[in-house]
């Protein structure tokens, strides 16, 4: 019988688990030994068991298409991604440092604007950001934290360096899949998990609840917390319902809430109106309040901004926090860390060319075929150019798009992002992956042990987004000490 | 508790109860037909009749045979009263109220839905239909049991009980409607001869045979069965018991306004029925009236709790 590792290659990128086809890294010794002890048919059985569990648990996401919205089962690869806890400790510190600096920056943008006044970032960059909300100027959320929940995307380059690719500060999603992935792994490989010292992740809901309580308007020690969802047809509805259930909060839609003349938010219950203290909102700023933002929004709550500004309700993340979730602003994060914290950044940025700068623009246009070019404000991997994978025609078309709106584009070198063994038709093959840890900041700061590993299931693809053929893996942070 | 959530849980329970009742009804009917000799006027069309969907059925099918009717009642996704439609609606309601219920409840309903979806074609065959229905009934029992054992008996739970018992009372009254047909003076001698078998099956459809034997302690007789299924306040599926449950929930829910009073009237109305004294025609009129009253009760519950959103 042929080995499941046959023809496995680690030539093209850093592999998270293997030095080579025959030699696992120290962190994956246990896993490889175990996999090699299984028959090929056993591995297939586990894969089927995992798929069944996903169907039964109803872990799904919604794909929008011309034929309507379809609930798809969450694509999951049973082979975990593994990292040494010693490396993780450093990353965790780096993530806390980064979010702390980002929150200082957002407070500053809506306050003194010292960073701008001292010429650290052009005021034009802020003013032209579509996520800068002038309505938020002068607001002071509790603990001076605007981005309470952050999902930061990390990728590893060929030389092993871990880079921050982007900070998702608006309504980052994926944490429920991280939690469910572990539940599935426990079902599928119970005997394997017993022998390995993996850091637990299931304390996330507790920390989320603590964080949300910590930002409640001060006069309340048992705050009423709700999760605000755009509704059952949203692609992340599964996650909204899951998180509400996990933290014992009500899951509400815009129509369930009302802001009264006293500028307080209430929900409509069987007992009448009930006051709400904290809203974990999963609706974009644009749709939050038709009184202030998009007038045509049917998802939000009229008067919500009034209530928030009056200090009667906390919103997580705070409106306007997205100003730091902009790929141009991203380029300035290392400088923010130095400026606000007087520290050196622990996690490096990917080198970034800002098309708003003449020099950078020229460089980008001259090297389009080698670079990744992204719009400043899109998410989900849409509207970007991966130079090395694009046809000459696509490159030329993109050149015109950039020229028309340079402020909105950035260029980055195409990283050979790392791979991990992934089960493909009964064999293991290297597939590119990234990592999205989740960071919570309120009174305290918390980082998940690991995060959501997303994997590009298509051979050679670098796009890990679930909406575009990506899947996910369980992520193990392993304690290697004493071994 | 959100008004919207209350409404979804109420409907979740109604649809789950409807799923169970449909499965039970088809399953008992299959048994009954196996006992009766060919040619007795007790055919499959009676099932369509009590579900009140004759018109829709005959728009789709010319013949009322086993194959068409079981497909119509069990797996026809375009007929809103079919088992598959009920289960799909239940799943949609629970999918959108997961934050109020134990995980297992969602997984249970989701599993049943996936199971049904995979077995839509197998029900044409009698043997696999028997297995299918058994699995559905088991699933419904598991669902009810795990809510009772895993969930706090709080307001959300009360809305579930409310929905379940209203649906149950409605179904029992429909089954009694069917039974009253059997009392028709015009019934054939042959049918009279097999009457006991019919009544036993009615009791079985409502899981009431054992309790009837213990409680009524006489041979199975039509008017006794009717009385038992309408008036006994301990039998889970009797109309009176359902009303006791509904009244219990309503009294414990906030802002119940005039509902307890209306319910007391309804309970009084049912208790005043005496099947020993009524003709078949009178009985049918009473049952029709009862179904209308249950419909009104639903309207009052909705007005009282679900529409508060408009305030």
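Quick look at the numbers
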{"quantity": "Helix A:204-214 vs. chain A, principal-axis angle (Cα, 0 to 90°, nearest 10)", "calculated": "20 degrees"}
{"quantity": "Relative contact order, percent, chain A [alpha-carbon distance under 8 Å, six or more residues apart]", "calculated": "24 percent"}
{"quantity": "Overall form of the range A:423-483 per C-alpha gyration tensor (a/c, 1.5; a/b vs b/c)", "calculated": "oblate"}
{"quantity": "Calculated FRET efficiency for the pair residue B:307/residue B:271, C-beta based, R₀ 35 Å, to 0.05", "calculated": "0.70"}
{"quantity": "Chain B: calculated mean residue ellipticity at 222 nm from DSSP helix runs of at least 4, using -39500 (n - 2.57)", "calculated": "-22500 deg cm²/dmol"}
{"quantity": "Rounded FRET efficiency, nearest 0.05, which uses the C-beta distance separating residue A:36 from residue A:366 and R0 of 60 Å", "calculated": "0.80"}
{"quantity": "Cβ-derived FRET efficiency at R0 60 Å, residue A:302 paired with residue A:7, nearest 0.05", "calculated": "0.50"}
{"quantity": "Global geometry of the range A:218-312, whether rounded, prolate or oblate, following the gyration tensor of its Cα atoms and the 1.5 cut on a/c", "calculated": "oblate"}
{"quantity": "Relative contact order computed over the range A:353-413 (Cα-Cα under 8 Å; 6+ residues apart), in percent", "calculated": "47 percent"}
{"quantity": "Proxy reagent accessibility, fewest Cβ within 10 Å first, across A:473, B:60, A:327", "calculated": "B:60, A:327, A:473"}
{"quantity": "Average partner coverage of A:222-233, which counts Cβ from other chains inside 10 Å", "calculated": "1"}
{"quantity": "Relative contact order for chain B, counting Cα pairs under 8 Å that sit 6 or more residues apart, in percent", "calculated": "23 percent"}
{"quantity": "Residue B:207 versus residue A:407: modelled label distance in nm, points set 7 Å from Cα along the beta carbon direction", "calculated": "6.7 nm"}
{"quantity": "Inter-label distance for residue A:159 and residue A:186, nm, one decimal - labels placed 7 Å from Cα along Cα-to-Cβ", "calculated": "4.1 nm"}
{"quantity": "Two-site label geometry, residue A:392 and residue B:62: point separation in nm, points 7 Å out along Cα→Cβ", "calculated": "6.6 nm"}
{"quantity": "Extension gain from residue B:134 to residue B:217, taking 0.36 nm per residue of separation minus the Cα-Cα distance", "calculated": "26.9 nm"}
{"quantity": "Helical mean residue ellipticity (222 nm; -39500 (n - 2.57) per DSSP H run of 4+; nearest 500) of chain A", "calculated": "-8500 deg cm²/dmol"}
{"quantity": "Global form of chain B, assessed from the alpha-carbon gyration tensor, a/c cut-off 1.5", "calculated": "oblate"}
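Since every read-out is calculated from the coordinates, none of them should be taken as a lab result. These figures come from a predicted structure and were not determined experimentally. No Cβ is skipped: glycine too gets one built from the backbone with ideal geometry, and neighbour counts run over all protein chains shown.
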